[in-house]
Structure formats: structure tokens, C-alpha cells
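Peer 1: Got a structure for you, questions after.
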Amino acid sequence: MAGTSSADPIVLSSDDNDDDEEECEVAKVVEGSKSSKTKTRLKDPSSSDSSTTAASVPAYKHPPQDVFPASASFRTALSELISSFENNETKKSHPVHRVVYCSTPSSVCIYDKYHKARKHLLLIPRPDKSPLGKLSSINDIIPSIHLQHLRSFHALGREIASAVSGSCTDDKSGKYPMLCGYHAVPSLTPLHLHIISSDFHSDCIKNKKHINSFTDASFFISPDFLERHVESAPSAGMRV
């Protein structure tokens, strides 16, 4: 990825009503001994600054729906939210920070307003910092331009999923595997990767379609499948 490396720090979101600097301690069980506490730390594979240190991921605290900013259109709600965040990124008291889980110079990870599980995030590439940020969906991917960026984006998504999986899990959610993927026909733009726990326990689940959209491989496209598909594209300049 142009101008990128493997040491891009993740910046934590700020929430005035919670502990801004909270670091979620994850128990690491060592066989034959007592468990010890380790801080979960992430690095974005899309950084140009190899001297920076990765930040600890925050505890997962899904905000209520009324905290999310209003949008002019449902379809463009994500674009508007990312724009608001970038315009107010240094203003830590701005309300938009309450719906952002974490961010990197190349991407922003937000809570899904209508979460379909106990843990549900959306990873979105920044429009002016990543070539993927200009795409509306996976159908706009051009293999010769986007494949390497896609791999780095997916690596970051997997790191976040791994961290969230052990991020202060409550007794009810248990250790449900985290899923990453794209909707084949998304209802929102721009391109965004779902990071979701497989419990599918949420008041936002209204019908079977909501669950199928994350469990049916024809509707929910995994990063691995997408990468293989892009790699096998017949033409370097052809959209997938």
C-alpha cells in the first residue's frame, strides 16, 4: 500500500460519559498456572510511521441509538458520519466520538447503529487516505488497484475482531466467534466491513432475513473469499 507500513497506531475513541482511557484487560490463561492479565494492543497494517506505538483497544460499549448523529439520507449515513468524525477528530468532546470505537490514519471503526448482535462494528476506509475509501461496495473493486489495499484492510479487521472477541465479554455474550464480511448487496455506502459476534442477540433482529444476511454465504462475503475472487479476476482492470 502506497505510503503505508505495519505500525499504524489505533487511536481510541473518546466518550465523556465513560472512562476515556479505559484499557480492556484480557485474561491470558497459561496452561498449568494461574491466568495473568495482558493488555490487548493492535497495529494497523497501513501506516507510514514505523516509530509509533500501537494503542490498547477500548472496552466494547455499544452506545444507544439516540447518540448517533442524524443523517440526510439512510444510504449515505456512513459517509456523513465519517465526514463528521474527520472534521472533528481533534475535538474529543464532540458527540461523534461516542459512536467511534477506534480509528487509524487509514480507517475508522464505528459501532453499528442497528447492531444485529451483542458486538457489531463497521470498519470503514477513510475516503482521502485509502483507495478503498472511494468505493461504494465490493462490486467497485479493481484488482490491479485495490487488491493489496484490501489485504491490509482485512488484516486490520481481523485484528479488531480478535481484540473485540476478548474485550471485557459479559457473562451473557460468552465466547461466540467473531465474523467479518461484506453484504453482497449493501444498503449503505461507502464500502464497509462488518465485524460481528455470532450470537445474533439483539433487539434490532426483526426477521429471519436479518440473520440470513450474516449466515448465508451468498449474502455475506468473507474477506478470504473476496480476496480469492479478486486474485482470480480474469483482467487486471476488470471490476469484480
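Peer 1: Between residues in segment 76-96 that are more than 13 Å from G133 (Cβ to Cβ) and in contact (Cβ under 8 Å) with a residue 60 or more places away in the chain and residues that are open to solvent by 50 Å² or more (accessible area, probe 1.4 Å) and not β-branched (V, I, T), which pairs lie under 9 Å by C-beta distance while being six or more apart or on different chains?
Peer 2: Listed by first residue and then by second, the contacts come to A77/P69; A77/A70; A77/S71; A77/K113; K92/D16; K92/D20; S93/D16.
Peer 1: Turning to a different aspect of this structure: List every residue pair whose Cβ atoms lie under 7 Å apart, where the two residues are 6 or more positions apart in sequence or sit on different chains, the first residue falls within segment 206-234 and is assigned to a loop (DSSP other than H, G, I, E, B), and the second residue, located anywhere, is not polar (S, T, N, Q).
Peer 2: Once the first residue is assigned to a loop (DSSP other than H, G, I, E, B) and sits in segment 206-234, its partners that are not polar (S, T, N, Q) give S218/A184; F219/H183; F219/A184; S222/C180; S222/G181; A233/P143; A233/V240.
The values are calculated or read from the model by the stated rules, or taken from the named source; none is laboratory data. As the structure is a prediction and not an experimental result, all values here were calculated from the model. For neighbour counting, all protein chains shown are included, and Cβ atoms are generated from backbone atoms with ideal geometry for every residue, glycine included. Each accessible area value is taken on the protein alone, full model and side chains, heavy atoms only, with ligands, DNA and RNA left out. Shrake-Rupley method; radii C 1.70, N 1.55, O 1.52, S 1.80 Å.
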